[in-house]
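Single-structure report; data block below.
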Amino acid sequence: MVLSVAVTATDTHRAIDAVWRIESARLIAGLARIVRDVGLAEELAQDALVAALERWPESGVPDNPGAWLMATAKHRAIDLLRRSKRLERKHEELGREIEARQERAVADLDAAIDDPVGDDLLRLVFISCHPVLSTEARVALTLRLLGGLTTEEIARAFLVPEPTVAQRIVRAKRALAEARVPFEVPRGADLAARLSSVLEVIYLVFNEGYSATAGDDWMRPALCEDALRLGRILAELVPKEPEVHGLVALMEIQASRSRARIGPSGEPILLFDQNRARWDQLLIRRGLAALERAGELSAAPGPYVLQAAIAACHARAPTSAETDWARIVAFYEALAQLAPSPVVDLNRAVALAMAFGPAAGLELADALTSEPSLENYHLLPSVRGDLLKKLGRFDEARAEFERAASLTRNARERQLLLERAAACAGGSAPNEPQ
């Protein structure tokens, strides 16, 4: 809908910002298919955004702003290619073959003006999460190209300097260009391997929003929302992949607790202390539906489907006391067989304690103290502190909570752990795990 003349430039800029958040990923994806260069595609998209900022305050937002941006960017691509062709003509050594190739390329661009997006967005997902990039680079590039976040926003979300994020993005685009990563959706075994990387990146983004690793805030909801949006898009693009639906189910159900996880002053509220009436029932229903779709697609659940099934046990329980912990233990045992991990074993220890008593859980948690990868993992002493406290071993519990507080980089979590350590002096009832 075209904005009326009375709408201010500020209102138009807000509208442009909203359009950019919605359309930027598809715009960059469509351009990358044409120019075969993610970096150049982003530059062309930014040029189109600048043109919108210049023109729309006077002309109003077009009926189809995404199409306007795409057409503007594609015409800019044609201009660049034609200018390049004119320069190349001056170099006789390039010969007639290159000239013919450039002519064909320009014709392809002209024909592409009205092309539908097709699978461009899916291709961009796989490029952004390509294994040739480091995990940090994949996260930054995914949020930049698919999430529409600025470098400043990404830096603020992950509490790293803005120049660091900018360098990661630049190096990522350079690495993709140097590796000549094809702009295509992988097939067969390659698809499964690359899809795992995509899901890992999306879940990393979600987890950083759900339980921030550092800083003053317990949660960063905007990152959860970005990850959920990316997961939902991916589920539409590859609807027959059960693990995609499993990840979406897991994120939907976990996100349903967001309002109940934070107190009035921003303090953390652990799972057993949460007011379940505040859990978002719409997100729970969406999560359970996604989990059901995953089950319909495969009888052998993968890691994300199993984790979603565990989350569903919590979501279905009217109260914490009615949670089916024995079933959760079984799911964790299946997960440990499928994707062995000390973190999975630590979660299994919590479930064992809830199902069969704190001594059973502590036995497994104690066995993990020699695991090198958990040496500085604050949740191991946190879990041990909780179990020791339940067994009445308050001095040991206090020491574990204090150690956990010294390891976490999140200020809110540190305060909570120190409070739990102080509570051990009075032998008060423990909080339950998250």
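The values are calculated or read from the model by the stated rules, or taken from the named source; none is laboratory data. These figures come from a predicted structure and were not determined experimentally. Here the Cβ positions follow ideal geometry from the backbone for every residue, glycine too, while neighbour counts run over all protein chains shown. For accessibility, only protein heavy atoms count, side chains too; no ligands or nucleic acids. Shrake-Rupley method; radii C 1.70, N 1.55, O 1.52, S 1.80 Å.
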- Being closer than 30 Å to residue 187 by Cα, in a loop (DSSP other than H, G, I, E, B) and at pLDDT 95 or above narrows it down to one of 239, 301, so name that one. 301
- Evaluate the following for residue 67: is it at pLDDT 75 or above and open to solvent by 10 Å² or more (accessible area, probe 1.4 Å)? yes
- Return a yes/no flag: does region 287-299 have any residue that is surrounded by 15 or more Cβ atoms within 10 Å (Cβ to Cβ), over 19 Å from residue 236 (Cβ atoms) and touching a residue at least 24 places away in the same chain (Cβ under 8 Å). no
- Task: Identify the single condition in (1) at pLDDT below 80; (2) assigned to a helix (DSSP H, G or I) that residue 115 does not satisfy, given that it satisfies every other one.
- Result: (2)
- Query: Can you pull out the residues in region 34-54 that are of a type outside the set (A, V, I, L, M), in a helix (DSSP H, G or I) and open to solvent by 50 Å² or more (accessible area, probe 1.4 Å)?
  - Reply: 43, 46, 47, 54
- Query: Which number in (1) closer than 30 Å to residue 298 by Cα; (2) crowded, with 20+ Cβ neighbours inside 10 Å marks the one condition that residue 149 misses?
  - Reply: (1)
- Query: Out of all the residues in region 153-195, which are in contact (Cβ under 8 Å) with a residue 12 or more places away in the chain, assigned to a helix (DSSP H, G or I) and open to solvent by 80 Å² or more (accessible area, probe 1.4 Å)?
  - Reply: 171, 174
- Going through (1) over 25 Å from residue 125 (Cβ atoms); (2) in contact with a Leu (Cβ under 8 Å, 6 or more places away or on another chain); (3) modelled with pLDDT of 85 or more one by one, residue 50 fails only at (2)
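Is it the case, given these coordinates, that residue 392 is surrounded by 13 or more Cβ atoms within 10 Å (Cβ to Cβ) and over 27 Å from the mean Cα position of the chain (by Cα)? If you could, list the steps in order and put the result at the bottom.
Working: surrounded by 13 or more Cβ atoms within 10 Å (Cβ to Cβ): no; over 27 Å from the mean Cα position of the chain (by Cα): yes.
No; evaluated as a whole, the condition is false for this residue.
Can residue 81 be described as open to solvent by 10 Å² or more (accessible area, probe 1.4 Å) and either assigned to a helix (DSSP H, G or I) or modelled with pLDDT of 85 or more (or both)? Can you show your working first?
Details: open to solvent by 10 Å² or more (accessible area, probe 1.4 Å): yes; either assigned to a helix (DSSP H, G or I) or modelled with pLDDT of 85 or more (or both): yes.
Taking the combined requirement at face value, the residue satisfies it.
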- Task: Would you mind stating whether residue 362 is surrounded by 14 or more Cβ atoms within 10 Å (Cβ to Cβ), closer than 27 Å to residue 240 by Cα and touching a residue at least 12 places away in the same chain (Cβ under 8 Å)?
- Result: no
- Considering 322, 267, which residue is surrounded by fewer than 18 Cβ atoms within 10 Å (Cβ to Cβ), within 24 Å of the chain's Cα centre (by Cα) and not hydroxyl-bearing (Ser, Thr, Tyr)? 267
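Sort through 220, 229, 180, 259 and tell me the only one that's of a type in the set (Lys, Arg) and within 16 Å of residue 121 (Cα to Cα). Outline the logic, then answer.
Numbers: 220 fails: within 16 Å of residue 121 (Cα to Cα); 180 fails: within 16 Å of residue 121 (Cα to Cα); 259 fails: within 16 Å of residue 121 (Cα to Cα).
Of 220, 229, 180, 259, the one residue that is of a type in the set (Lys, Arg) and within 16 Å of residue 121 (Cα to Cα) is 229.
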